[in-house]
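The values are calculated or read from the model by the stated rules, or taken from the named source; none is laboratory data. Keep in mind the model is a prediction, meaning the values are calculated, not measured. As a convention, Cβ positions derive from the backbone with ideal geometry for all residues, glycine included, and neighbour counts pool all protein chains shown. In case anyone asks, the SASA skips ligands and DNA or RNA and just uses the protein heavy atoms, side chains included. Shrake-Rupley method; radii C 1.70, N 1.55, O 1.52, S 1.80 Å.
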Amino acid sequence: MLKNYFKIAIAVLKRRKFFTFISLFGISFTLTILMVLTAFINKVVGDNYPDKKRDRSLYINRLQESGEENMMSSTLSYYFLSHYTGMMKTPVKVAISSMFKGTNTYVNNKKIAVNFKYTNAEYWDVLDYDFTEGKPFNKQQVTNADRVAIISEDMKRQYFGDVATVVGKYIEADNVDYRVIGVVKNVPVTNYMLYSDIYLPYTVSKEDYKSKGYLGAYMAILLGNSPGDIPKMQAEYESIIARVPVERKEFKHVYSHANTFFRSYVDTGNEKQSGVFIVVTAISIFVFIFTLLPTLNLVNINITRIMERSSEIGVRKAFGASSKTLVYQFLVENLILTILGGVIGTVLSVFALYAINNANLIDNLELSINFTVLFIGLLVCLVFGLLSGVYPAWRMSKLNVVTALKA
Amino acid sequence: MIRLQNIEKVYRTDTIETLALNSVSLDIAKGEFLSIMGPSGCGKSTLLNIMGLLDAPSKGEIRIDDQKTGGMNDKQLAQFRNKKLGFIFQSYHLINDLQVLDNVELPLLYRDTTAKQRRELAAEALAKVGLANRLKHFPTQLSGGQRQRVAIARAIVGKPEIILADEPTGNLDSAMGNEIMEILLNLNRNDGTTIVMVTHDENMAHKTHRLVRLFDGAQVQ
């Protein structure tokens, strides 16, 4: 039976080549966009380099102070983070680092844009950066405010060119020379909490890291012993924040949370707006609209296509096909079309991702097709096939045999 | 074999009601070859469609092989048609995208058969109508007479007890028409198939066992 459906599906596709082209184009183009989107999301949210211990880590990257009329929200100060997380008993280690900041440096009179970031020594224990040479700075070097730097591979290439090793050489950033002691693999800028070109001890910062204000440029990662420590650390941090006094009279509340990676990644910095909700809603609306249009288009084309075959429907019904069998037949035919579109879409996606990677639109971001993406793509195809096939198939299966034969 | 009792068919639009069949009662015996004649629009095809369970009467009862068909749902009707009835249409209604063999095996798709069985039965039916050498052709590559023979093969492939033919020779010249009629007569004679045929052709009608005439939806002979 399936073989028969397959034969007729291929014959119908060949019969109206323009319709087939429009249908296949709609499916494959939409699929390509969705594949690129999922590859992007998957890379940004799913890739756990260099925070490989994500399952037992919590991220603190916002503090909000609010009163009746005023509200301030920002990353936190080094003092606030080290002081209050220092009181916590559950975390085994706490990584504190500033958000990356840009400056310019010059090599052979050529300007290079450089991003740098300050960290404490524990940062290198909590996170698992891959060192291609050298090693991280230690507590002693941080305490001594040694002018040492860890740089990314990309920075190494840009600043020093194609050389085998750069440990011991000096790099200039923000008009200061730092001795390179390690080189790490690149982190894409989409992982904005951990990305940088140059990593420096926080003690060399020109800004006052001892200032007791709550807000500043820093964030922290709390590392637990096991994933089971997550709720404990969250509760501990919440109870500490509940006791933190407000800084100024105009404020009444201080909010800050230790969140899991995704929550903190999309944190809006506003207590009343959930970043997760906004992101999930935005993606859902985008995907819905993007799949709705080709689906409607397919429904329309399918109706026309099936209408042309009313004589066939009449004959099949006369010779024993029930409405249900016909719905099944048209669904199978439509699935063949969408799967074909899916295959084309997958090939197009490979090309699109290759082109995006080569265009170097986003620093250090390498998108790739993986099984999750492929699975999502095929699932989307399946949904497409069903959505665009069910209605026309149902409508046609209800057609009166005599009317169908006369048409 | 087929018993129609007081069949009435009314077509309704917003403003007009048309009585297509007016209290038609008919008994057709097993193995009988019956022809239905009458002017255009007299309800011949409507009657045949009702007999073939392709259309429902507005009133009246249809019994086929002593089974009441009134209360059957879509699936039961489909199965019943598949087992008991074969159809031949004036304009053949072959699926042009499928080869002759695939067209003929169509009724078997809706039965519990293997692909091999279907192939064999379809080839056998085609041999019976003299088209054993056209299995891989597409309908558009055949003449009108050959197409109608494919349609007959499709109608008989499931070995139904009843064949309903709606002007099977209507689109053919007299030589081809006679060929088709000969095949139908053989089916009736040799296999005992009950055949009901709607026709405009007096000569063809007189070759059958019985002739029923309709006029304005009523039986006049």
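The requirement of being outside any loop (DSSP other than H, G, I, E, B), closer than 30 Å to A:Leu378 by Cα and either outside the structural domain of A:Pro91 (by TED's automatic domain parsing) or of a type in the set (S, T, N, Q) (or both) is fulfilled nowhere in region A:238-255; no residue meets it.
Restricting the first member to region B:31-45 and to residues that are at pLDDT 90 or above and aromatic (Phe, Trp, Tyr), and the second to residues that are part of a strand (DSSP E or B) and open to solvent by 20 Å² or more (accessible area, probe 1.4 Å), the beta-carbon pairs closer than 9 Å and six or more apart or on different chains are B:Phe33/B:Arg210. For B:Gly177, the criteria (1) over 23 Å from B:Ala20 (Cα atoms); (2) in contact (Cβ under 8 Å) with a residue 40 or more places away in the chain; (3) open to solvent by less than 10 Å² (accessible area, probe 1.4 Å) hold in every case but one, which is (2). Filtering region B:128-178 to residues that are part of a helix (DSSP H, G or I), out of contact with any strand residue (DSSP E or B) (no Cβ under 8 Å at 6 or more places or on another chain) and within 16 Å of B:His200 (Cβ to Cβ) leaves B:Ser174, B:Met176, B:Gly177, B:Asn178. Among the residues making up region B:30-69, those that are within 14 Å of chain A (Cβ to nearest Cβ) and either among the charged types (D, E, K, R) or in contact with a helix residue (DSSP H, G or I) (Cβ under 9 Å, 6 or more places away or on another chain) (or both) are B:Lys44, B:Ser45, B:Thr46, B:Asn49, B:Gly52, B:Leu53, B:Leu54, B:Asp55, B:Ala56, B:Pro57.
Table: residues versus (1) of a type outside the set (Asp, Glu); (2) closer than 25 Å to A:Tyr209 by Cβ.
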residue	(1), (2)
A:Leu31	yes, no
A:Phe40	yes, no
A:Asn48	yes, no
A:Asp51	no, yes
A:Tyr59	yes, yes
A:Leu63	yes, yes
A:Asn70	yes, no
A:Leu76	yes, yes
A:Tyr79	yes, yes
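Taken residue by residue, region A:308-319 has no member that is within 35 Å of the chain's Cα centre (by Cα) and within 14 Å of chain B (Cβ to nearest Cβ).
The set of residues in region A:375-398 being closer than 14 Å to A:Thr32 by Cα and in contact (Cβ under 8 Å) with a residue 60 or more places away in the chain consists of A:Ile376, A:Gly377, A:Val380, A:Cys381, A:Phe384. Put simply, of B:Thr46, B:Thr69 the only residue that is closer than 19 Å to B:Pro160 by Cα and of a type in the set (S, T, N, Q) is B:Thr69. For region B:81-98, which positions are in contact with a strand residue (DSSP E or B) (Cβ under 8 Å, 6 or more places away or on another chain), in a loop (DSSP other than H, G, I, E, B) and either of a type in the set (Val, Ile, Thr) or open to solvent by 30 Å² or more (accessible area, probe 1.4 Å) (or both)? Answer for region B:81-98, where residues must be in contact with a strand residue (DSSP E or B) (Cβ under 8 Å, 6 or more places away or on another chain), in a loop (DSSP other than H, G, I, E, B) and either of a type in the set (Val, Ile, Thr) or open to solvent by 30 Å² or more (accessible area, probe 1.4 Å) (or both): just B:Gln90. On the stretch given as region B:188-221, residues that are touching a strand residue (DSSP E or B) at 6+ places or on another chain (Cβ under 9 Å), part of a helix (DSSP H, G or I) and open to solvent by 80 Å² or more (accessible area, probe 1.4 Å) total 2.
Does A:Gly320 meet the test of being modelled with pLDDT under 85, assigned to a loop (DSSP other than H, G, I, E, B) and open to solvent by less than 70 Å² (accessible area, probe 1.4 Å)? Spelling it out, it is not the case that A:Gly320 is modelled with pLDDT under 85, assigned to a loop (DSSP other than H, G, I, E, B) and open to solvent by less than 70 Å² (accessible area, probe 1.4 Å). Checking the stated criteria, B:Gly144 turns out not to satisfy the condition of being within 13 Å of chain A (Cβ to nearest Cβ), surrounded by 14 or more Cβ atoms within 10 Å (Cβ to Cβ) and not charged (D, E, K, R). Scoring A:Arg263 on the criteria (1) open to solvent by 70 Å² or more (accessible area, probe 1.4 Å); (2) within 29 Å of A:Asp47 (Cα to Cα); (3) assigned to a loop (DSSP other than H, G, I, E, B) leaves a single failure, condition (3).
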